[in-house]
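One structure is given below, encoded as structure tokens.
Read-outs: derived from the displayed coordinates by stated rules, not from any lab. Please read all numbers here as calculations on a predicted model, not as lab measurements. Neighbour counts are summed over all protein chains in view; Cβ atoms, including those assigned to glycine, are modelled from backbone coordinates with ideal geometry.
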Amino acid sequence: MVKTTILKKTLFVILTLFFICSIAFASNNVEIYTNKEYGFRINLPNGWINRESGFPSIISFKKENAPPSEPLPDLRIGIGPLDPKYNDKSPIDMLSEMGPTSKVAFVEEPREFEQNGLKGARYIVENNWNRSLTIIFFGRGNIYTILFTAKKDTFEQDYKEIENSIKSFELISTKS
């Protein structure tokens with residue numbers, strides 16, 4: 001009787017540890033997208049893959065199981081040279097100049113932040129149908145624009161994972 005109880009408790013502890021380890025392993029199974037040409041890396045949200053955007057300086061990501069006819073949700077990273085007129089300006093100045101049209105409403109007002117040694121600015125806007133998070137970073141003479149867009153009623157479903165993904169964005173060496 002005592003041996004059976006000890007065996008059950010031991011088995012319970014082993015199964016519990018196995019379960020905890022499998023959850024930890026699954027949560028650390030992160031797909032990292034690295035772009036050596038433009039010198040950045042980002043952890044992709046779970047289940048998202050790189051899809052051709054048709055433009056060399058725009059990298060597009062979609063949910064792996066999303067039908068091709070469904071354009072949203074979508075995560076894009078655009079890269080371009082930083083116009084010299086912005087050399088003495090902050091990201092918030094540039095974001096304000098690039099800012100949204102009058103056909104959208106702010107959900108989150110523009111604000112500056114710093115992440116992984118990069119200065120950035122961000123805002124969230126929406127129209128009648130969609131909601132978009134726009135983030136810009138300055139680095140190495142370039143502007144990196146990250147845009148996450150989803151239908152207004154489904155934006156929150158992916159927002160936390162997208163935020164975590166964006167927090168991983170960092171510049172890397174472009175040397176081979």
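Some notes on this structure:
- Remark on Gln115: its backbone amide H falls under 5 Å from those of Gly120, a criterion applied only to residues 5 or more positions apart or on other chains, H modelled at 1.01 Å from N.
- For region 49-99, taking the reciprocal of the average inverse distance between every pair of different Cα atoms yields a Kirkwood hydrodynamic radius of 13.2 Å.
- With 30 Å as the limit on Cα-Cα distance, the pairs of Lys85/Lys160; Lys89/Lys152; Lys62/Lys167 that go past it are Lys85/Lys160; Lys89/Lys152.
- Rounded FRET efficiency, nearest 0.05, which uses the C-beta distance separating Asn50 from Asp153 and R0 of 41 Å: 0.95
- Altogether, the Stokes-Einstein calculation at 20 °C and 1.002 mPa s, with the Kirkwood radius of region 74-176 over Cα pairs as Rh, returns a diffusion coefficient of 149 µm²/s.
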